[in-house]
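See structure below.
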Amino acid sequence: MVEVEFLGPIKFENIKLEASNLGELKDALKGYHELELSEWLKICAVAVNDEIISELSTPLKDGDRISILPPVCGG
């Protein structure tokens with residue numbers, strides 16, 4: 001089981017899901033319609049245990065922490 005945390009302006013509580021890779025996790029998250037989560041997922045970066053990942057085939061193991069990172073702008 002992995003824990004997914006939503007950072008920044010995404011107002012969604014952390015959730016725990018079963019997923020063996022990021023592709024499975026993405027499919028599982030599509031089932032969450034609260035706060036237009038699917039819209040956020042289109043523009044967010046993803047980190048696994050604090051490392052930015054882009055490959056959906058990236059394997060996940062029990063206890064991994066996945067962070068959903070919305071785009072930010074600085075000044």
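The values are calculated or read from the model by the stated rules, or taken from the named source; none is laboratory data. Because the structure is a prediction, the values reported are computed rather than measured. Reconstructed Cβ throughout: ideal geometry from the backbone, glycine too, with neighbour counts over all protein chains shown. Ligands, DNA and RNA are excluded from the accessible area calculation, which covers all protein heavy atoms including side chains. Shrake-Rupley method; radii C 1.70, N 1.55, O 1.52, S 1.80 Å.
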Self-check item: Number of the condition not met by P9 [criteria: (1) open to solvent by 60 Å² or more (accessible area, probe 1.4 Å); (2) part of a loop (DSSP other than H, G, I, E, B); (3) at pLDDT 90 or above]
Solution: (3)
Self-check item: Positions within segment 20-56 being modelled with pLDDT of 95 or more and in a loop (DSSP other than H, G, I, E, B), in sequence order
Solution: S20, N49, D50
Quiz item: M1 fails exactly one of the following numbered conditions: (1) within 11 Å of P70 (Cα to Cα); (2) touching a Lys or Arg at 6+ places or on another chain (Cβ under 9 Å); (3) exposed (fewer than 15 other Cβ atoms within 10 Å of the Cβ). What is the number of that condition?
Solution: (1)
Quiz item: How about segment 42-75: which of its residues are open to solvent by 100 Å² or more (accessible area, probe 1.4 Å) and of a type in the set (D, E, K, R)?
Solution: K42, D50, E51, E55, K61, D62
Quiz item: What's the number of the condition L17 fails, among (1) in contact with a helix residue (DSSP H, G or I) (Cβ under 8 Å, 6 or more places away or on another chain); (2) touching a residue at least 24 places away in the same chain (Cβ under 8 Å); (3) of a type outside the set (S, T, N, Q); (4) surrounded by 11 or more Cβ atoms within 10 Å (Cβ to Cβ)?
Solution: (2)
